[in-house]
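Reviewing the structure listed below.
The values are calculated or read from the model by the stated rules, or taken from the named source; none is laboratory data. Computed from a predicted structure; not experimentally measured. Please note: Cβ atoms are built from the backbone with ideal geometry, for glycine as well, and neighbour counts cover all protein chains shown.
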Amino acid sequence: MFLAMHMANELLSVPVAGLTLGLAALIVLIASWLARRTLNPERLPLMGVMGAFVFAGQMINFTLPGMPGTSGHLVGGVLLAIVLGPWAAILTIVSILVVQCLLFQDGGLLALGCNIINMGVVPCLVGFGLYRVLPGRIETTRPWRQYLATWTACVIATAAGAALVPVEATLSGVLKIPVFQFLAVMVGVHLLIGFVEGLITFAVVAYLRQVRPAALGLAKADTGGGRLSRSAVAASFLVTAALLAGVVAWFASSYPDGLEWSYMEHKYANADSAVAGPSGLIAAATAWQEKWSLMTDYTKRAAPLGELPAKSGTEGEGSGSAVNPWGSLAGILGTVVTLALVYTAARLLRRRTPAHQH
């Protein structure tokens, strides 16, 4: 899936891949340092369950409004930043992307740096900045202004992250399609995805405002006080994640990603291929993932672990939905692994958080 927001190895050159991997690693180190100093202890227990919730939410592809035949899915960076703060959110989305890349070959191994920047850093920082600036003082703003800021942040931040994909591909020198058409389609499709993501994020924020306003930094707001304990709220997200990954994912749209669909329909001036042939290292990285990903594309492996699967020739075909028990198993597995990984990170942050914050 070269042209989805989860970038594949083939959409990058080795130097750009190496540079973005290094930049992403540096950002993760900085985010870890800042999260230890800024994370509200009230929100710390939610890190693991929010990571699991967003992983499960990303399993649910939805048909885009006004674009039948194409789909999108939750990114979740803005939601995580609102609930956890931007730095803990970055660490959480990094965990999700690592699980997706290594276990399910969702995103290229060499493209992991780009995916962290595009789907984690930019949505978390841009989205959180807009969420905090647009409504004024969050602690005293009216609910409708908070909800509008939430929706706006999702639309803009999702499109901003997507806009980096054509830039990175152009810098890599691998594109065989017009870059401005690539950019226009990528941003246009992700504006629609951001619109739906804004609705989902709004629903979660509205839920937390009613049942646990302290999780949004609104302990003294006009919300009537928290109705559920932290444990109950965490349990509600965990149960929802299990239902999304184990049941709802069966009926998710299997239509191709928006840009992939656009390429198949319009062929970009009859280009036979969107990108140039990969280098030896890029091809080797992709082959390694194909050999060792536990459930490639969230389904049953077509070959034993350690062997390359045969090419079926049906890649890119899709339909409205497809009941897929293997996808359900992959969803549950990924949710559990993400929960464990982010919970471990949260425990490390708790141990190292300065004493005056407790």
Filtering the range 13-70 for residues that are in a helix (DSSP H, G or I) and either within 18 Å of V233 (Cα to Cα) or not hydrophobic (A, V, I, L, M, F, W, C) (or both) leaves a count of 21
Log entry, pairs with first residue in the range 111-135 being in a helix (DSSP H, G or I), second being of a type in the set (D, E), beta carbons closer than 7 Å, six or more apart or on different chains, reads C114/E168
Considering the range 249-302, residues that are of a type in the set (D, E) and either assigned to a helix (DSSP H, G or I) or at pLDDT below 65 (or both), and then whichever is surrounded by the fewest Cβ atoms within 10 Å (Cβ to Cβ), we arrive at D272
Condition first: over 22 Å from L191 (Cβ atoms) and in contact with a helix residue (DSSP H, G or I) (Cβ under 8 Å, 6 or more places away or on another chain). Can you find one or more residues in the range 161-171 that meet it? yes
